[in-house]
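The values are calculated or read from the model by the stated rules, or taken from the named source; none is laboratory data. Model, not experiment: these values are computed from the prediction. Here Cβ is always computed from backbone atoms with ideal geometry, including for glycine, and neighbour counts include all displayed protein chains. To get the accessible areas, we keep the full protein, side chains included, count just its heavy atoms, and leave off ligands, DNA and RNA. Shrake-Rupley method; radii C 1.70, N 1.55, O 1.52, S 1.80 Å.
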Amino acid sequence: MRRILVAGNWKMNGSIESIKSLIDGVKQGMSGVKSTDVVVCPPAIYIPEVASLIEGTAIALGSQNICDQDSGAYTGEVAGSMLKEYGCKYAIVGHSERRSLYGESNELVAKRYAAARRAGLTPVLCVGELLEEREQGITEEVVGKQLDAVLELEGIASFADAVIAYEPVWAIGTGKTATPDQAQEVHAFIRKKLAGLDATIAENIVIQYGGSVKGSNAVELFGMQDIDGGLIGGAALDANEFLAICQAAN
Ligand code: PGA
C-alpha cells in the first residue's frame with residue numbers, strides 16, 4: 001500500500017519571520033493529518049532554522065536541489081552531506097524551474113539524483129512536459145526521456161527509494177491544474193514504464209502530482225489510482241491551504 005506524500009516546495013520565498021509563523025501554523029494542524037507523510041522544502045539558507053522548528057514533529061525536511069558532486073570547488077552549490085547534517089530526508093531534483101531557467105539537462109538531473117542517493121537522501125525526481133510538447137502529442141516521449149536518463153545512470157533498483165513528481169510545466173504556478181484524468185494518464189504511463197523493468201518497484205513507488213494543487217482540488221487528484229500525493233508550490237506558503245491538501249487523503 002502506497003502512502004500519500006505531500007511536499008511543500010517553498011521555492012525562493014519567505015523570511016526568518018514568515019517561515020516561523022508558517023511552520024507554527026502547519027504544526028498546529030498536524031494532529032488533523034492522518035495517513036499522509038508531510039515534507040517541507042525551504043530555501044537552502046533556511047534549512048537549519050526549519051530543522052530546529054520541526055524537531056519532534058512528524059514533518060520531514062527536504063531540499064529544493066542538491067549538487068551533483070560531493071564536495072570541492074563548486075561555488076554556490078550545496079552538497080548532499082550538508083543537507084543530511086541538518087536532517088534533510090528528501091532532495092528535489094530536476095524541478096522544471098531548474099531545467100528551464102538554469103539549463104539543467106536530463107543528464108545533470110540524473111547526476112543530482114545519484115548524488116542524493118550517495119548522501120542517503122531520497123530523491124524527488126521531477127518530470128513533466130511543456131505546453132507545446134503536450135500540444136504536439138509528445139508528452140510520453142518527453143517524460144520517458146527524462147526517466148531514461150536516470151534509469152541509464154542509476155538503474156531501476158534505485159527507484160526502490162525514490163519519489164517521482166509528475167509536474168506538467170504548463171500547470172506550475174499558472175492556476176491551470178491538469179484534470180485528474182490528464183494527470184492519471186501520465187502517472188499510469190510512468191508506472192507502466194517502470195513496471196516493464198521491475199513490477200514490485202513500480203507498484204510501490206510514490207508518484208506525486210504537481211501543478212496548481214490546492215485544498216479544493218487535492219481530494220479529486222489524490223483519489224486517482226496512480227496519484228500518490230502532491231508537490232505543492234504556491235499553496236504550501238499558506239498554512240491552512242497546505243494543511244487542507246495534507247488532509248485530502250484522510
Ligand atoms: P505550484 O508549483 O503548486 O505553485 O503550481 C508546483 C511546483 O512547482 O512544484
(request) Show which aspartates and glutamates lie in cross-link reach of residue 27 when reach means a straight Cα distance below 17 angstrom and same-chain residues fewer than eight apart are skipped. (result) 17, 37, 49, 55, 238, 241
(request) Would you mind counting up the charge near residue 3? Only other residues with Cβ under 15 Å from its Cβ, with Lys and Arg at +1 and Asp and Glu at -1. (result) -2
(message) Can you tally the net charge around residue 53? Count Lys and Arg as +1, Asp and Glu as -1, for every other residue whose Cβ sits under 15 Å from the Cβ of residue 53.
(response) -2
(request) Mind grabbing the accessible area of residue 45 for me, 1.4 Å probe, Å², rounded to tens? (result) 140 Å²
(message) Pairs of alpha-carbon atoms within less than 8 angstrom and 6+ residues apart define the contacts here; what relative contact order does the chain have, in percent?
(response) 23 percent
(request) Find out how many positive minus negative residues lie around residue 138, taking Lys and Arg as positive, Asp and Glu as negative, among other residues whose Cβ is under 10 Å from that of residue 138. (result) -4
(request) Rounded to whole Å and sorted largest first, list the principal axis extents of the Cα atoms in the chain. (result) 45, 44, 33
(message) Per residue of the range 121-130, what does 6.51 cos²θ - 1.76 cosθ + 1.60 with θ = phi - 60° give for ³J(HN,Hα)? Whole Hz please, x for Gly and Pro, Karplus curve as stated.
(response) 9, 8, x, 10, 7, 8, 9, x, 9, 6
(message) At a 10 angstrom cut-off on C-beta neighbours, averaged per residue, how do the peptides 6-16, 47-57 rank from highest to lowest?
(response) 6-16, 47-57
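Counting heavy atoms of the protein chains only and a 1.4 Å probe, report the per residue accessible area for the range 4-249 as a whole number of Å².
The answer is 43 Å² per residue.
Using the crude model of +1 on Lys and Arg Cβ and -1 on Asp and Glu Cβ, and no other charge, please compute the dipole size for the range 32-182 relative to its Cα centre, in debye to 20.
420 debye
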(request) Could you tell me what percent of the accessible area of the chain is made up of carbon and sulfur, with a 1.4 Å probe and every protein chain present? (result) 51 percent
(request) Throw me the Rg/Rh for the range 90-160, computed over C-alpha atoms with Kirkwood Rh, two decimals. (result) 0.98
(message) As a test, work out the antiparallel percent of DSSP beta bridges whose residues both lie in the chain, rounded to the nearest 5.
(response) 0 percent
(request) Among the listed pairs 20/214; 20/176; 11/192; 11/214, give every one whose C-alpha distance is greater than 24 Å. (result) 20/176; 11/192
(request) Kindly write out, for the range 179-191 in residue order, the coupling ³J(HN,Hα) from the Karplus curve 6.51 cos²θ - 1.76 cosθ + 1.60 (θ = phi - 60°), rounded to whole Hz, with x marking Gly and Pro. (result) 5, x, 5, 4, 5, 4, 4, 6, 4, 5, 4, 4, 5
